[in-house]
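Peer 1: Would you mind keeping the following structure in view while I ask a few things?
The values are calculated or read from the model by the stated rules, or taken from the named source; none is laboratory data. No experiment lies behind these values; they were computed from the predicted model shown. Here Cβ is always computed from backbone atoms with ideal geometry, including for glycine, and neighbour counts include all displayed protein chains.
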Amino acid sequence: MAIRALFPTLVGKEKLTGFELDRFNQALADECRSLAASDPAGQRWSARHYLGGYTSYGSLDRLHLVSSLFATLRRRIDPRVRAFARALHYDLAGRALVMTDCWANVMGAGTVHSLHLHPSSFISGTYYVAVPRGAGSLKFEDPRLSCHMATPPRRADAPERFRAFVSVAARAGDLVLFESWLRHEVPPARFSGERISISFNYAWTAKDRR
């Protein structure tokens, strides 16, 4: 019997290289910690939605427009996002990919980022600034899961592409990209230190023809 794999779900992962990565990440970590200490609106939002951690998602969600350091990160991410979109075979002729949102996350041990997606976006992702040993991985859900009717469980040794959930571990300097409709979460984990990351969304728009 001929069997074909249809409707793939792609997740991209790449280490950013070509510059002084450790120094760059240290500067990003310092700025993220500074935000966590000086953003009362973000602290209030995090107390309700991000217990045990800090995120600027509810207060400062366009950091690439207000911080030169985050703008530098955006310039390094841009070509990777374009390459990922090409791998997805989208027709981008006459269209531009633009970062629309960018926010900081500082997670302590036990902090949970519950299952969600990124509506009104095209490609989303996370850049990892600091990842202590044992910190939680990014966990993706099979987008077809709600349609699995009367199906038996998968075998424990099923290949990754057949699993209902797949976790993608990352280290400092790693960039993970995915389509914005793909649901994901960060489960709680026990570790020492802080897991610091920067999340972002991209949208597509028609290029200015003036």
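Peer 1: Which numbered condition in (1) in contact with a Lys or Arg (Cβ under 6 Å, 6 or more places away or on another chain); (2) surrounded by 15 or more Cβ atoms within 10 Å (Cβ to Cβ) is the only one that Ala96 fails?
Peer 2: (2)
Peer 1: Among the residues of segment 108-119, which ones are of a type in the set (Val, Ile, Thr) and either buried (at least 22 other Cβ atoms within 10 Å of the Cβ) or assigned to a strand (DSSP E or B) (or both)? Explain how you work it out, then say what you get.
Peer 2: Initial filter on segment 108-119 (of a type in the set (Val, Ile, Thr)): 111-112.
Within segment 108-119, just Thr111 meets the criteria.
Peer 1: Can you tell me which residue among Phe84, Phe122 is farther than 29 Å from Ser34 by Cβ, surrounded by 14 or more Cβ atoms within 10 Å (Cβ to Cβ) and touching a Phe, Trp or Tyr at 6+ places or on another chain (Cβ under 6 Å)?
Peer 2: Among Phe84, Phe122, only Phe122 is farther than 29 Å from Ser34 by Cβ, surrounded by 14 or more Cβ atoms within 10 Å (Cβ to Cβ) and touching a Phe, Trp or Tyr at 6+ places or on another chain (Cβ under 6 Å).
Peer 1: Across segment 73-107, which residue is nearest to Ser137 (Cα to Cα) among those that are charged (D, E, K, R) and outside any helix (DSSP H, G or I)?
Peer 2: Let us first name the residues in segment 73-107 that are charged (D, E, K, R), namely 74-76, 78, 80, 82, 86, 91, 95, 101.
Checking the rest, the ones that are also outside any helix (DSSP H, G or I) come to 91, 95, 101.
On the way: Asp91: 32, Arg95: 33, Asp101: 22 Å.
Checking each candidate, the answer is Asp101.
Peer 1: Name the residue that is surrounded by the fewest Cβ atoms within 10 Å (Cβ to Cβ), counting only residues in segment 16-72 that are in a loop (DSSP other than H, G, I, E, B) and among the aromatic types (Phe, Trp, Tyr). Walk me through it before giving the result.
Peer 2: If we filter segment 16-72 for residues that are in a loop (DSSP other than H, G, I, E, B), which is where we start, we get 16-20, 39, 50-52, 56-61, 67.
Filter once more, so that each one left must be among the aromatic types (Phe, Trp, Tyr): 19, 50, 57.
Working: Phe19: 9, Tyr50: 21, Tyr57: 19.
That would be Phe19.
Peer 1: Could you please find all residues in segment 168-210 being under 16 Å from Phe122 (Cβ atoms), within 13 Å of the chain's Cα centre (by Cα) and part of a strand (DSSP E or B)?
Peer 2: Once the filter is applied, which keeps residues that are under 16 Å from Phe122 (Cβ atoms), within 13 Å of the chain's Cα centre (by Cα) and part of a strand (DSSP E or B), segment 168-210 yields Val176, Leu177, Phe178, Glu179, His184, Ser199, Phe200, Asn201, Tyr202.
Peer 1: I'm checking my understanding of the structure. Among residues of segment 51-98 that are at pLDDT below 95 and of a type in the set (D, E, K, R), which one is farthest from Leu10 (Cα to Cα)?
Peer 2: Checking each candidate, the answer is Arg95.
Peer 1: Right, here's the next one. What number of residues in segment 174-208 are surrounded by fewer than 20 Cβ atoms within 10 Å (Cβ to Cβ) and either of a type in the set (S, T, N, Q) or without any contact (Cβ under 8 Å) to a residue 24 or more places away in the chain (or both)?
Peer 2: Count: 4.
Peer 1: Here is a check on your reading of the model: is Gly136 touching a helix residue (DSSP H, G or I) at 6+ places or on another chain (Cβ under 6 Å) and buried (at least 16 other Cβ atoms within 10 Å of the Cβ)?
Peer 2: no
Peer 1: Further question: Please enumerate the residues belonging to segment 129-167 that are part of a loop (DSSP other than H, G, I, E, B) and closer than 30 Å to Glu20 by Cα.
Peer 2: Val131, Pro132, Arg133, Gly134, Ala135, Gly136, Ser137
Peer 1: Is there any pair with a first residue in segment 76-92 that is under 30 Å from Phe24 (Cα atoms) and a second that is modelled with pLDDT under 95 and loosely packed, with under 15 Cβ neighbours inside 10 Å whose Cβ atoms are under 7 Å apart and which are 6 or more apart or on different chains, and what are they?
Peer 2: Ala85/Leu92
Peer 1: His64 versus (1) free of Cβ contacts under 8 Å to residues at least 60 places away in the same chain; (2) closer than 16 Å to Thr126 by Cα: which is the lone unmet condition?
Peer 2: If we test His64 against (1) free of Cβ contacts under 8 Å to residues at least 60 places away in the same chain; (2) closer than 16 Å to Thr126 by Cα, just (1) comes out false.
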